[in-house]
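Below is one structure; the comments refer to it alone.
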Amino acid sequence: MFTGIIKDVGKVTGVTKRNGGLWLRVHYSNSGEFSALSIDESVSLNGACQTVVAVGEGWFEVDTVEETLSKTTLGTLRNGSQVNLERAVRPMDRLGGHFVLGHVDCAAVVHEIRELGSSRELWIAYPDAFTPFIVSAGSITIDGISLTVAKLDALLFAVAIIPYTFAHTTLHSLQAGSRVNLEFDILGKYVARQLGARSSSTVSESRIDEAWLQENGF
């Protein structure tokens, strides 16, 4: 589990195709945050939870499988690509963002970036299937960053980006047409699932008509 508070921007220094997946090597600069990183740990890589399979001085490697590549933008990474990094949260850590699982729901497209004085407004176009999971003022994760939905339109939403977040994440490299990873709030997904199940159950239980009564001897 993660919080969506990015601790470092790493750089991809190795991309190797392997059995339909990718073996990625990532160098990090925040040695304090990533000290004692070990094999089998979970690391968020642009919002996707990955398992560390090798470590060295200032770098680690992950094995990205086909399922991850099909749902995320990790397959577009190249040598020199920058990535947002966060280590798994510990029970004693402050939860500065929100509950982030690192299970990317989909890749989406940057629609527009608006300059608003000292801040920026990032507009994202998202697939219609995920409409039930996004609400105004709700939490959302973009490339591993915990953000708040500021505005919501038909298949578009906007988040406000403060200067610090813009400068200390990969957001500064985005432009219209860039693809990003989205993870919708897990609490919202569970609520939507339960409401959907309840609605289906209600519909099923209320199908009492004349034909049903005759079939059951009334």
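Here is a check on your reading of the model: is Tyr164 modelled with pLDDT of 80 or more, under 19 Å from Phe130 (Cα atoms), out of contact with any Cys (no Cβ under 9 Å at 6 or more places or on another chain) and not in a strand (DSSP E or B)? Lay out the reasoning, then the answer.
On the way: modelled with pLDDT of 80 or more: yes; under 19 Å from Phe130 (Cα atoms): no; out of contact with any Cys (no Cβ under 9 Å at 6 or more places or on another chain): yes; not in a strand (DSSP E or B): yes.
Taking the combined requirement at face value, the residue does not satisfy it.
With respect to the conditions (1) out of contact with any Gly (no Cβ under 7 Å at 6 or more places or on another chain); (2) on the phi < 0 side of the Ramachandran plot, Phe133 falls short on a single one, namely (1). Mind listing whichever residues of the stretch 1-55 are modelled with pLDDT under 95 and acidic (Asp, Glu)? Correct list: Glu33 only.
Just one of the listed residues (Glu121, Glu115, Glu61, Glu86) is loosely packed, with under 15 Cβ neighbours inside 10 Å and outside any loop (DSSP other than H, G, I, E, B), namely Glu115.
Taking the criterion of being touching an Asp or Glu at 6+ places or on another chain (Cβ under 7 Å) and crowded, with 16+ Cβ neighbours inside 10 Å, the residues of the stretch 44-58 that qualify are Ser44, Asn46, Gly47, Val52.
Anything in the stretch 55-74 that is touching a residue at least 24 places away in the same chain (Cβ under 8 Å) and more than 15 Å from the chain's Cα centre (by Cα)? List them, or say none.
The first filter runs over the stretch 55-74 and keeps only residues touching a residue at least 24 places away in the same chain (Cβ under 8 Å), leaving 58-66, 68-69, 71-74.
Across the stretch 55-74, the qualifying residues are Gly58, Trp59, Phe60, Glu61, Val62, Asp63, Thr64, Val65, Glu66.
Does Gly97 satisfy the criteria of being of a type outside the set (Phe, Trp, Tyr) and buried (at least 20 other Cβ atoms within 10 Å of the Cβ)?
Values: of a type outside the set (Phe, Trp, Tyr): yes; buried (at least 20 other Cβ atoms within 10 Å of the Cβ): yes.
Answer is yes for this residue.
Would you be able to say whether some residue in the stretch 68-82 is charged (D, E, K, R), farther than 26 Å from Ser38 by Cβ and not in a loop (DSSP other than H, G, I, E, B)?
Going residue by residue through the stretch 68-82, those that are charged (D, E, K, R) are 71, 78.
From what's left, farther than 26 Å from Ser38 by Cβ: 71, 78.
Those left that are additionally not in a loop (DSSP other than H, G, I, E, B): 71.
Checking the stretch 68-82: at least one residue is charged (D, E, K, R), farther than 26 Å from Ser38 by Cβ and not in a loop (DSSP other than H, G, I, E, B).
The values are calculated or read from the model by the stated rules, or taken from the named source; none is laboratory data. From a predicted model like this one, the values you see are computed outputs, not experimental measurements. Here the Cβ is made from the backbone with ideal geometry for all residues, glycine too, and neighbour counts use every protein chain on show.
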